[in-house]
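Before any comments, here is the structure.
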Amino acid sequence: MPVRNAWLSLALAAASVGLLWALQPPPIPEAVSGDRVVVRLHDNGEALANPGMGWVLHYYDNVPANYGSRLAPSDTLDDFPGLTVIYLRIPWSYLEPEEGRFCWSVLDTPAQRWIARGKQIALRISCSESWTRYATPQWVEQAGAKGFNFRPGSGAVDDGPYWEPDYNDPIFLEKLDHFLAALADRYDGNPDVAWIDVGSFGVWGEGHTFSSTRMRYSADTVIRHIDLYRKHFSHTLLAANDDYAMTENGEKAIAYARDTGLTLRDDSILVQPRPNSYFHAEMAQEFWPRLPIILESEHYGPSRDRGAWEDGALYVRAMFEYHASFASIHWWPREFLAECRPLIDRMNRHLGYRLLPQEVSYPARLSRTAPFAVSYTWYNDGVAPCYGGGHPAITLKDAQSGIVAVCVDERANVRDLPVRQVTLQGPQSRQPVDENLPPPPVLAWNARLALPFQLQPGDYDLYLSLGDKTGSPTIALPLNGDDGQRRYHLGKITIVD
């Protein structure tokens with residue numbers, strides 16, 4: 001027993017500094033102290049696919065052939081650890097080739113493959129591209145909308161091969177308004193949609209015109225586009241782009257996005273080498289305490305080839321500094337997985353939220369009419385809050401694995417677990433950010449639960465889960481002993497009259 005306890009102490013200490021995945025954990029231990037069972041738990045190091053966090057596959061990356069779209073229809077990338085969202089980023093012209101005639105199958109076909117696997121989708125519909133002339137449908141221009149020809153690197157030129165709308169043009173805005181109404185009719189409030197980008201402003205929907213016409217727009221133009229989305233999408237999370245800051249008085253557009261409930265995404269970090277690897281970690285500080293941050297890396301191959309990627313440690317640093325809930329797979333997914341598996345595993349240990357009960361205490365024997373007193377300590381080893389929250393539940397099962405009792409602690413909500421604070425050092429720092437971290441803050445909760453009247457005396461297996469107020473598990477925990485339904489075995493309990 002002393003050796004066993006020494007191992008547990010070592011494991012718990014290792015968990016507090018994020019090293020436990022290097023250990024091979026034994027089965028969950030159980031110790032009886034007096035009339036109570038005390039269970040000390042540790043992180044098993046597994047990747048988690050939980051709501052509101054995870055890796056994002058770029059299925060369409062504006063260019064329809066990139067990147068996930070080359071996967072076989074039956075290949076849902078089940079081997080990619082922590083994949084939760086499929087990003088469908090496509091020009092408007094692909095969805096409404098003629099006014100009022102929509103081709104929703106462009107979205108619904110790939111979406112249904114992953115929805116069937118329990119994943120969500122996210123959308124960006126762009127109005128300007130540097131690879132096809134009409135991201136905005138040509139019929140919009142033919143209806144009288146003003147715009148500009150451009151050539152990437154040269155700005156607006158008469159003989160430019162690509163066309164970008166005037167983002168303030170009333171005809172363009174009217175047609176866009178009608179399109180967004182149709183899009184919202186299908187996707188606003190749809191639980192299979194994680195978020196929708198405000199993608200109608202700027203080349204690639206990225207919030208700037210630097211690589212297109214280089215026309216100068218004010219923050220008021222961006223706000224006009226934000227309001228069009230807000231008009232139609234009242235139940236689905238909307239995402240603003242950090243590059244709104246590149247417009248005239250851009251901080252006004254960012255503040256408006258923040259104050260009206262949009263979250264923030266930062267596109268294409270690691271385009272340039274240090275010290276210009278990313279710029280807006282400080283901007284994210286005004287968003288992440290309330291809403292999930294979406295972090296997109298530059299296309300992995302070009303970033304790697306020009307030396308901006310280095311060993312990927314800057315992606316890790318940005319994840320910590322932005323408090324990111326989502327990170328992108330911005331490349332051919334199997335090549336990215338093969339070349340970056342250690343990095344992916346490293347990021348999965350902290351991406352989004354990672355909730356762990358440090359210790360659980362419950363009575364070894366309990367009268368079925370007595371209050372069921374449970375105590376536990378919890379911490380969040382991720383970089384972001386669990387925005388959707390969740391309540392601990394204790395489930396009792398009989399010898400045939402039948403559920404005989406479900407008791408939910410509604411007063412405890414894991415949304416309240418604090419997040420470890422990280423000092424912003426930016427990409428100029430060369431010290432790995434996830435080494436020598438202080439332990440995350442721990443919260444202690446005490447619950448007095450009520451057992452159901454029909455529970456009979458006997459010996460039962462006791463499970464812990466996190467989920468909604470009715471006891472349905474919704475959040476995976478990095479623990480052994482999963483029953484296949486996100487309930488985790490803690491030990492035994494005896495119920496007496």
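Tabulated results
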read-out	value
Members of region 215-259 that are of a type in the set (A, V, I, L, M), under 20 Å from residue 194 (Cβ atoms) and in a helix (DSSP H, G or I)	226, 257
Subset of region 18-59 that is in contact with a helix residue (DSSP H, G or I) (Cβ under 6 Å, 6 or more places away or on another chain) and not in a loop (DSSP other than H, G, I, E, B) - its residue that is modelled with the lowest pLDDT	20
Test result for residue 172, buried (at least 22 other Cβ atoms within 10 Å of the Cβ), of a type in the set (Phe, Trp, Tyr) and either within 21 Å of residue 244 (Cβ to Cβ) or at pLDDT below 95 (or both)	yes
Considering residues of region 66-91 that are among the hydrophobic types (A, V, I, L, M, F, W, C) and in contact (Cβ under 8 Å) with a residue 24 or more places away in the chain only, the residue farthest from residue 104 (Cα to Cα)	80
Residue within region 352-360 that is modelled with pLDDT of 95 or more and over 25 Å from the mean Cα position of the chain (by Cα) present	yes
Residue in region 380-402 that is surrounded by fewer than 22 Cβ atoms within 10 Å (Cβ to Cβ), touching a Pro at 6+ places or on another chain (Cβ under 7 Å), within 27 Å of residue 421 (Cβ to Cβ) and not polar (S, T, N, Q) present	yes
Residue in region 436-454 that is surrounded by 13 or more Cβ atoms within 10 Å (Cβ to Cβ) and of a type in the set (Val, Ile, Thr) present	yes
Residue identified as at pLDDT below 95, closer than 22 Å to residue 427 by Cβ and buried (at least 17 other Cβ atoms within 10 Å of the Cβ) among 268, 277, 297	268
Exclusive hit being under 23 Å from residue 288 (Cα atoms) and either touching a Pro at 6+ places or on another chain (Cβ under 7 Å) or modelled with pLDDT under 95 (or both), set 263, 247	263
Residue within region 479-494 that is of a type in the set (Val, Ile, Thr), touching a residue at least 24 places away in the same chain (Cβ under 8 Å) and not in a strand (DSSP E or B) present	no
Scan of region 178-222 for residues that are crowded, with 16+ Cβ neighbours inside 10 Å, touching a helix residue (DSSP H, G or I) at 6+ places or on another chain (Cβ under 7 Å) and of a type in the set (Phe, Trp, Tyr), ordered by number	179, 201
Residues of region 260-289 classified as in a loop (DSSP other than H, G, I, E, B) and farther than 22 Å from residue 226 by Cα, total	10
Strands (runs of 3 or more DSSP E) completely within region 89-208 that count 2 or more residues being under 18 Å from residue 233 (Cα atoms) and of a type outside the set (Lys, Arg)	120-126, 193-197
Tally of residues being within 19 Å of residue 489 (Cα to Cα), within 22 Å of the chain's Cα centre (by Cα) and in a loop (DSSP other than H, G, I, E, B) across region 366-423	1
Out of 482, 434, 468, 459, sole residue that is of a type outside the set (A, V, I, L, M, F, W, C) and over 25 Å from the mean Cα position of the chain (by Cα)	459
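The values are calculated or read from the model by the stated rules, or taken from the named source; none is laboratory data. Model, not experiment: these values are computed from the prediction. Cβ: placed from backbone, ideal geometry, glycine included. Neighbour counts: every protein chain shown.
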